[in-house]
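A short write-up of the structure that comes next.
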């Protein structure tokens, strides 16, 4: 775990298209590298999309272009680790953009992200576990949360995806994370009831603060807008 308490800015982006959030991550990553912003934790729900990590196999996407078009599902090859996964409504995606220089340990970072999800699930009466040799959080052999990260200059991008009330049939059209012999589940399926997304985000924030020794502060993208504009155009003052 990262020692020393520090601030983290938490932003709920609501529903986003994947390309929009990916571009925003890169901008905020650059600001974090520069030290222009505190650590960040972004939450979003994506419009339906399959993403393939830099080492992933496109053959693990079983849907063809016609099916993707018919179902309104986008597909991107991206710069995180891992194979193919699905993002969509009913799934909370968390993107920590944090500086790991105090503890430059990628393995520890992944285990800490898993711990955040395990603690969150426990508050809802779900016992999530790790599986030997695999990344993510599992319940009875089925994956409830996937992880895929990128760390450059010891600042993180990408993160985790927790299935709350996700349409699990979407995973039938891929081989999730390239794992043939495991299934996928959701909090709703495990509990047999609807779980408010806002409650899960709140618990994720609390657990993240505990595991990473941070003090969360809620913000909005609009509050970040002036510094994003200034980054693109140095002639514009962040206070403008």
Estimated [θ] at 222 nm from DSSP helical runs (n ≥ 4, -39500 (n - 2.57)) normalised by residues in the chain, nearest 500: -10000 deg cm²/dmol
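Shape call for region 38-141 from the C-alpha gyration tensor, a ≥ b ≥ c root eigenvalues: rounded (a/c under 1.5), prolate (a/b greater than b/c) or oblate?
prolate
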For region 82-134, the fraction of alpha-carbon pairs in successive 5 Å shells from zero, as %: 4, 13, 19, 25, 24, 12, 3
Using alpha-carbon coordinates, inclination of helix 18-34 to the longest axis of the chain, degrees: 40
0 to 90° range, to nearest 10: angle between helix 197-212 axis and the chain longest Cα axis: 60
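Of all DSSP beta bridges located in the chain, what percent are antiparallel, nearest 5?
Working: 27 of 46 bridges.
Among the beta bridges of the chain, antiparallel pairing accounts for roughly 60 percent.
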Helix 221-232 vs. the chain, principal-axis angle (Cα, 0 to 90°, nearest 10): 70
Global form of region 108-177, assessed from the alpha-carbon gyration tensor, a/c cut-off 1.5: oblate
Computed Kirkwood radius, in angstrom, where 1/r is averaged over Cα pairs of region 87-223: 15.6
Relative contact order (%) - region 83-221, alpha-carbon pairs under 8 angstrom, separation at least six: 32
Point-to-point label distance, residue 198-residue 5, nm (Cα→Cβ direction, 7 Å offset): 2.8
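Take every Cα-Cα pair in the chain and report what % of them are more than 27 Å apart. Could you put the intermediate results ahead of the total?
Details: 9279 of 28680 pairs.
Cα-Cα pairs in the chain separated by more than 27 Å: 32 percent.
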Dimensions (Å) - region 64-110, Cα atoms, principal axes, largest first: 47, 21, 13
Using a Förster distance of 22 Å, the FRET efficiency for residue 210-residue 33 (Cβ separation, nearest 0.05): 0.30
Cβ-Cβ FRET estimate between residue 108 and residue 69, R0 fixed at 45 Å, reported to 0.05: 0.60
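FYI, it's all coordinate maths here, none of it is from the lab. Please read all numbers here as calculations on a predicted model, not as lab measurements. Because the Cβ atoms are built from the backbone with ideal geometry, glycine has one as well, and the counts that use them run over all protein chains shown.
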